[in-house]
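Structure, as structure tokens:
The values are calculated or read from the model by the stated rules, or taken from the named source; none is laboratory data. None of these values were measured; they are calculated from a predicted model. All Cβ positions, even for glycine, are placed from backbone atoms using ideal geometry, and neighbour counts span all protein chains on display.
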Amino acid sequence: MSKSTTDLSGASDPSLVELRNQISAINHEILVQLNRRAEIGLKVREIKERNAIEMFIPSREQEMLDGLVEANAGPFPDQVIRQLFREIFSASLGLMQAREKETLMVSRRPGDPDALVQVGEVSVGREPVIMAGPCAVEDEDQMDRVAQVLADQGVAFLRGGAFKPRTSPYSFQGLGEVGLRMLKDAGARYGLKTITEVVDTRSVELVARYVDMLQVGARNMMNYELLKAVATTGKPVLLKRSFAATLDEWLRAAEYVALGGNSQIVLCERGIRTFAKETRNTLDISAIPLMKDLCRLPIVVDVSHAAGRRDILAALARASLAAGAHGVMVEVHPSPHLARSDAQQQLDLDQFAALLDALRPDLMPHARPRAARQLADS
Ligand SMILES: [Mn+2]
């Protein structure tokens, strides 16, 4: 066989080998120069940050491209030179913006472990937790019946609204401090951690005296004064996503709480507003892995407000846990048809037990029914 058919790589042709070596050397030179350029770009960023100058200035980019095309002697056509340098410019801008993201307190840096939020002796951020209870605290009997079922089922958190932000000013606005007391008493009777929403900077201290965890609701996610106020209480915060918030806006809302000195934050996805009419909101499952990637904070999913209906809650809850959520929040009421708010989406006590049964394979031992746990421990 002749040489040309056996050596297709050309490795035995000395002049070809030499040219390839030259190309490899130039590649390495380009690499060194690209990183030199990037380092200078980061210095430019620091100066721009100090002086509040825009990172991206289109006229400056245009000027650089024009200069390069003018100096271009070929053989690359001008269009290719433009393309190549545009790539370099955008990579450089991306590097600058990546640095900006890293500066958030809540951001996840490479190698960071997941954060654990401690609510008393209950940790949120490892095994999935269930947070359940009525939309609104209505009376003692209602709270007692729900709390008893939760305790029997091994659920850790009792929720219930005392201050209700309602779409209509004529809707039930909640029992206020009387409701807070009922929630606290029911939680204490059955050893449950309590969560309630705080809607106003003026009532933050009052609410913090009664419950274990403060909820900032979807409507208030961008109430920055409220975020600053809840940060000062030292209580863990459940931060719901606004129905119209991007992940970045949600992350920055969490940053307000962290910057205020409180890193005990649990995120809560509760659906976003879309064109879909079949559900009250659209549960954004992708937010779960994406937020876990962006930050270390635990994330739970409120399936009730996402769906606005009962029949698909088990599917949404299982999907949330499969996507990596650290827990599920669900509205439960002894007589949903009599509920003073969100009547159409609250589960009755039997439906709640059935939901937990559906979730059982995804839950860890601590969330098994009390009877089963006693059996396992004996
Ligand atoms: Mn509700």
* **Flag for residue 179 being part of a helix (DSSP H, G or I), more than 17 Å from residue 239 (Cβ to Cβ) and within 16 Å of the ligand (Cβ to nearest atom)** => yes
* Asked: Do any strands (runs of 3 or more DSSP E) entirely within region 86-173 hold 2 or more residues that are within 16 Å of the ligand (Cβ to nearest atom), and if so, which?
  -> 129-133, 157-159
* For region 314-325, name all the residues that are buried (at least 24 other Cβ atoms within 10 Å of the Cβ) and either in contact with a Leu (Cβ under 9 Å, 6 or more places away or on another chain) or of a type outside the set (Gly, Ala, Ser) (or both). => 317, 320
* To do: Could you tell me whether residue 145 is among the basic types (Lys, Arg) and within 15 Å of residue 336 (Cβ to Cβ)?
  => yes
* Is it the case that residue 9 is assigned to a helix (DSSP H, G or I) and surrounded by fewer than 10 Cβ atoms within 10 Å (Cβ to Cβ)? -> no
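Quick grid of which residues meet (1) buried (at least 16 other Cβ atoms within 10 Å of the Cβ); (2) at pLDDT 95 or above; (3) within 28 Å of the chain's Cα centre (by Cα):
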residue: 67; (1), (2), (3): no, yes, no
residue: 70; (1), (2), (3): no, yes, no
residue: 74; (1), (2), (3): no, no, no
residue: 81; (1), (2), (3): yes, yes, no
residue: 91; (1), (2), (3): no, no, yes
residue: 105; (1), (2), (3): no, no, yes
residue: 124; (1), (2), (3): yes, yes, yes
residue: 127; (1), (2), (3): no, no, yes
residue: 131; (1), (2), (3): yes, yes, yes
* Structure fact -> In region 179-193, anything under 18 Å from residue 145 (Cβ atoms) and either surrounded by fewer than 24 Cβ atoms within 10 Å (Cβ to Cβ) or among the aliphatic types (A, V, I, L, M) (or both) is listed as 179, 181, 182, 183, 184, 185, 186, 188, 189, 190, 191, 192
* Answer with yes or no whether residue 271 is more than 16 Å from the ligand (Cβ to nearest atom) and either surrounded by fewer than 18 Cβ atoms within 10 Å (Cβ to Cβ) or farther than 19 Å from residue 107 by Cβ (or both). => no
* Structure fact -> Of 57, 47, 53, the only residue that is surrounded by fewer than 11 Cβ atoms within 10 Å (Cβ to Cβ) and out of contact with any Pro (no Cβ under 9 Å at 6 or more places or on another chain) is 47
* Does residue 249 satisfy the condition of being surrounded by fewer than 20 Cβ atoms within 10 Å (Cβ to Cβ) and either farther than 24 Å from residue 307 by Cα or touching a helix residue (DSSP H, G or I) at 6+ places or on another chain (Cβ under 7 Å) (or both)? -> no
* To do: Name the single residue, out of those in region 320-355 being under 30 Å from residue 169 (Cβ atoms), assigned to a helix (DSSP H, G or I) and not hydrophobic (A, V, I, L, M, F, W, C), that is nearest to the chain's Cα centre (by Cα).
  => 336
* Can residue 40 be described as among the aliphatic types (A, V, I, L, M) and surrounded by 13 or more Cβ atoms within 10 Å (Cβ to Cβ)? -> no
* To do: Could you tell me which numbered condition residue 250 fails, if it satisfies all but one of (1) touching a residue at least 40 places away in the same chain (Cβ under 8 Å); (2) in contact with a His (Cβ under 9 Å, 6 or more places away or on another chain); (3) farther than 18 Å from residue 123 by Cα?
  => (2)
* Could you grab me the full set of residues in region 302-328 that are within 13 Å of the ligand (Cβ to nearest atom) and β-branched (Val, Ile, Thr)? => 303
